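Any read-out appearing in this document is the output of simple, stated calculations on the displayed coordinates, not a laboratory observation. All values derive from a computational prediction rather than experimental measurement. Glycine gets a Cβ as well: all are built from the backbone with ideal geometry, and neighbour counts include every protein chain shown.
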Amino acid sequence: MLSSFRSRITLSFGLLALLVAATLSAVLGSLVSRLVAQEQAHALAFIASSTGTLLAEGLHERQREVELLAASAELAGAPLDPATAGPVLERLQRSRPQYAWIGLTDPAGGDPHDAGGLLGGVDVSQRPWWQAGRQGLHTGDVHPAVLLANLLPARPGGEPYRFVDFAAPVRAADGTLRAVLGVHASWAWADEVARAQLDGDRAAQKSIEILIVDRAGRPLYPGPAALAAEGGAAPRVPLASGRVQVDGQYYLNASAPVPAHSAVTDLGWTVVVRQPAEVADRAAAPARWTVLLTGGAVALAGMLLAWMTAGRVARPLHAIAAAARRIDAGEREVAMPQDLPSSELRELGVSLSRMTGRLLEREQELARSNEALEARVAERTAALERANEELAALAHQDGLTGLRNRRAADERLAHELARHRRLRRPLGVLLCDIDRFKSINDRHGHAVGDAVLRAVAQRLAASLRETDLAARFGGEEFLVLLPETDRAGLARVAEKLRAAVEALNVEQVGTVTMSLGGAVAEDGAGDAALLLERADQALYGAKAAGRNRVVMSA
């Protein structure tokens, strides 16, 4: 049966169509899989990078808050007794939900004064954070709760507490150690950061995981089970990017280090974002099946056509074969013979012409598909670039007031001080604090308090030069930088800002006042911490003198 001309023609057409379909399926499937994997790898790398940036910002902000509080006049100059330190610590803990515990100890590590009075009378001198905090700024790695494990309220689901420790020495004016300030920040903060990077149900459907590992490669997040007991073994997380194998399963892996703002906050963390490789590969399966099924259908159609027409093509077959050889040689505009003796042969010629046209159309469709895939990759790349730009802008802007945030203010201050040291031009700094802002929140609610913050921020921005900078420094406190401004000019601008704010009439609140403390860098030294401390001392003097006034640093 297979030796007959008709059977051979039928079988040949069928095998040719199947070969073309299989080749197209393999080539297109491989291309789609590669492009999908590259696109997903970029997305995972972006999530890892943005998560690491947010973790680094959080560590830096917490350490900076502890540093500024330890250097503030409230702790550095006031009596360190429960009546004085207690309200300060409790206010800070209320405003920072990430702080599970905050307290002060005497230079010997005994009798801590803390918010809530949890460790009253306990000796903490053997705790690593206290010992490091006596010497300078300290940021400790993640660890389970020890002294506070049974004192804090139980967490949902019974999960144990884990902390990141921050500590700083509180020194008197003559440099002697007065106390050690310690903060235990809840590790639940990392869960909030990780969840914010994942797109809810969509991320769950894609089975994307975020892990945070320590310097030794041990997982810190998610889950307390990741922390082994001291001296015990813990599973290591592969940090390599690309396809990795974990416990017999393959993952598409991306990692990014958590960038350290300083040696104090350099804990050696790495963010790993991974996705099961089978999930990433699944997106290419429909395209491969479509090409395979289409090729199979074309193959079946060709076999049927060949079976019906092959019996009557014996005599004029050489003419058709000659035309087929030209097509096989690569010619694309080949016409089948027209003077065929039978309608069956003419139909075969037309069918072969159509098949050639379909193959050409298939090549064109494949080319258009490749162009569409390339355009999609370019579009996703542009979207990732825009997202990076938006993330950078958000990292420098206060979301409530629209002013620059603490990070942007620190960077601008460092830039202006470098310019001051180089050109010896004066630089003025104002610290502005809304008077009795807590009572506004207590009487009218936080929504009205937010409205007051926005109104004051708008009035400050409208009253300054384009070269000046107004930034929200924290809470109800604002920082104003005025380049090329000496002491007299700074006093005039400060009084102008004070009067501009006093002229505000905020709905439900009425008149709002503000106290300002100013300092000028004129000697070319340009030390940021000293300049801010002088402005802060002046602000404290304005508050102590009755508020709604300007005090300049000596």
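Quick one: 3J(HN,Hα) in Hz for segment 446-455, Karplus 6.51/-1.76/1.60 with θ = phi - 60°, rounded, Gly and Pro as x.
Per-residue couplings from phi come out as 6, 4, 5, x, 5, 4, 5, 4, 5, 5 Hz.
Classify segment 408-448 as rounded, prolate or oblate from the Cα gyration tensor: take a ≥ b ≥ c as the square roots of its eigenvalues, call it rounded if a/c is under 1.5, otherwise prolate when a/b beats b/c and oblate if not.
Cα axes put segment 408-448 in the prolate bin.
How many nm is it between the label spots at ARG436 and ALA488, if each spot is 7 Å from the Cα in line with the beta carbon?
3.6
Using a cut-off of 12 Å between beta-carbons, work out the net charge of the residues near VAL506 (Lys and Arg +1, Asp and Glu -1, VAL506 not included).
Neighbourhood net charge equals -1.
With 10 angstrom as the radius, rank HIS143, HIS113 by how many other C-beta atoms surround their C-beta, starting from the fewest.
The most exposed by this proxy come first: HIS143, HIS113.
Spelling out what I want: for every residue of segment 438-444, take phi, set θ = phi - 60°, compute 6.51 cos²θ - 1.76 cosθ + 1.60 (Karplus), and round to whole Hz; glycine and proline get x.
Using θ = phi - 60°, the values come out as 4, 5, 5, 4, 5, 7, 10 Hz.
For segment 406-552, what is one quarter of the convex hull surface built on the Cα atoms, given in nm²?
8.0
How do GLU57, GLU278, GLU67 line up, fewest other C-beta atoms within 10 Å first?
GLU278, GLU57, GLU67
ARG282 versus SER95, label points 7 Å from Cα toward the beta carbon: distance in nm?
Spacing of the two 7 Å Cα→Cβ label points: 4.8 nm.
So if R0 is 25 Å, what FRET efficiency would ALA395 and THR467 give, r being the distance between their Cβ atoms, rounded to the nearest 0.05?
It comes to 0.65.
What FRET efficiency comes out for the pair ARG454/GLU192, r = Cβ-Cβ distance, R0 = 30 Å, nearest 0.05?
Step by step, r from the Cβ atoms, then E = 0.75.
How do MET308, MET514, MET355 line up, fewest other C-beta atoms within 10 Å first?
Neighbour counts put them in this order, fewest first: MET308, MET355, MET514.
What list of ³J(HN,Hα) values in whole Hz, one per residue of segment 418-431 in order, does the Karplus curve 6.51 cos²θ - 1.76 cosθ + 1.60 (θ = phi - 60°) give from phi, with Gly and Pro shown as x?
Using θ = phi - 60°, the values come out as 4, 5, 4, 5, 7, 9, 6, 9, x, 9, x, 10, 10, 9 Hz.
List every residue whose amide H lies under 5 Å from the amide H of LEU469, counting only residues 5 or more places away in sequence or on a different chain, with H placed 1.01 Å from N in the peptide plane.
Those lying under 5 Å, H to H, from LEU469 are LEU481.
In a shell of Cβ-Cβ distance under 11 Å around ALA37, excluding ALA37 itself, what net charge do Lys and Arg (+1) and Asp and Glu (-1) give? Could you put the intermediate results ahead of the total?
Details: positive: ARG34, ARG243; negative: GLU39, ASP281.
Here the charged neighbours net out to 0.
Using 1/(1 + (r/R0)^6) with R0 = 35 angstrom and r between the beta carbons of LEU300 and GLN245, what's the FRET efficiency to the nearest 0.05?
The value I calculate is 0.30.
Gain in length, LEU11 to ALA260, computed as 0.36 nm per residue apart minus the alpha-carbon separation, to one decimal in nm?
In short, 82.8 nm is gained.
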